[in-house]
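The values are calculated or read from the model by the stated rules, or taken from the named source; none is laboratory data. All of these numbers come straight from a predicted model, not from anything done at the bench. Don't worry about glycine lacking a Cβ; one is built from the backbone with ideal geometry, like all the others, and counts go over all protein chains shown.
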Amino acid sequence: MTLAITYLAPSRLWLLLVVAVVAAVYVILQKRRRTYAVRFTNLDLLQSIAPKSPGWRRHIPALLLIAALSSLVVALARPAREEKVPRERATIILAIDTSLSMMAEDVPPDRLVAAQRAAKTFLDIVPPAINVGLVSFNGTGTIQVPPTTDRLRVRQALDRLQLEERTAIGEGIFTSLQAIRQAPTAEGDAENEDVPARIVLMSDGKTTVGRPDSVGAAAAKEAGVPVNTIALGTDNGVIVLPNEPAPIPVDVDREALERVADATGGKAYTAATESELREVYRNIGSSVGFTIEFNEIGLWFVGLGLGVLLASSALSLLWFSRLP
């Protein structure tokens, strides 16, 4: 998808001033020529001995020549088109909270099912060459699927997620970093070559056990792995446990997740409905699944300039029997 056009050598565009000077000199010479003709006072004799004036046609070759020079200068400035190119060999870890608070039904049918459905939508968005892994975390972190291009395997693991007690976001980050190190290497990769990686962490609560969020975020930052966080749920969420006499509130700790994202260079999102969650995953997929590359298009302008130059020469020969 084309985004914009930029110049890799923009300083060369100053040469357009030279083209402008050439155009200005042409205009000045035309005015001087007109002044000289007016000085010839015997206009009847001038009209009888001078060939018929070509009128406006005499300016066409010059204008085309100026346009051709401008196009060639633009080509010299190395114009390039920004394009979204699918990433190859990148690794994305989906880290999903599987604590008991994910059974809350404020995001119908419940938070976990909404998360599972949205994650499957995400799998359809990212390019097939990208490795996707799945990590679940409650009181501890577990690698459900190491990074792989096998989307079916990840889908099946999403369906098998089970809820457990406690929440350990920090442990989820550490487990995700461990999963990234298990990503397969592509043929031709150099040893210890850095491969783009990112963690997409979704949670609805705050850490209750394990290493603090800040420690996990610091480890991700040191590894150069941004963590995109998704705060799932509303402030009205509750869960009902068999041994508890009353519903237990399970509000979302958005600030904690924002701090993790900010500390690692990622982005923080919120989602209060399944549709919002799906949209968040689409946004993340379009950002981590593609990279911006510059595709030089200078030859377009070279071709245009040469074409216009040939047209200028052909018209000048046709009308005036000379080159411009």
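One residue is enough: does the range 260-267 have a residue meeting the conditions at pLDDT 90 or above and of a type in the set (Val, Ile, Thr)?
Yes, the range 260-267 contains a residue that is at pLDDT 90 or above and of a type in the set (Val, Ile, Thr).
A residue that is closer than 20 Å to ILE180 by Cβ, among the hydroxyl-bearing types (Ser, Thr, Tyr) and either buried (at least 24 other Cβ atoms within 10 Å of the Cβ) or not assigned by TED's automatic domain parsing to the domain that holds GLN178 (or both) cannot be found anywhere in the range 101-120. Within the range 146-171, the set of residues being among the acidic types (Asp, Glu) and surrounded by fewer than 21 Cβ atoms within 10 Å (Cβ to Cβ) comprises ASP150, ASP159, GLU164, GLU165. Taking each residue of the range 223-252 that is charged (D, E, K, R) and looking for partners that are not in a loop (DSSP other than H, G, I, E, B) with beta-carbon atoms closer than 6 Å, six or more apart or interchain, yields nothing. Would you confirm whether any residue within the range 108-123 is over 25 Å from LEU241 (Cβ atoms), among the aliphatic types (A, V, I, L, M) and in a strand (DSSP E or B)? No, the range 108-123 has no match at all.
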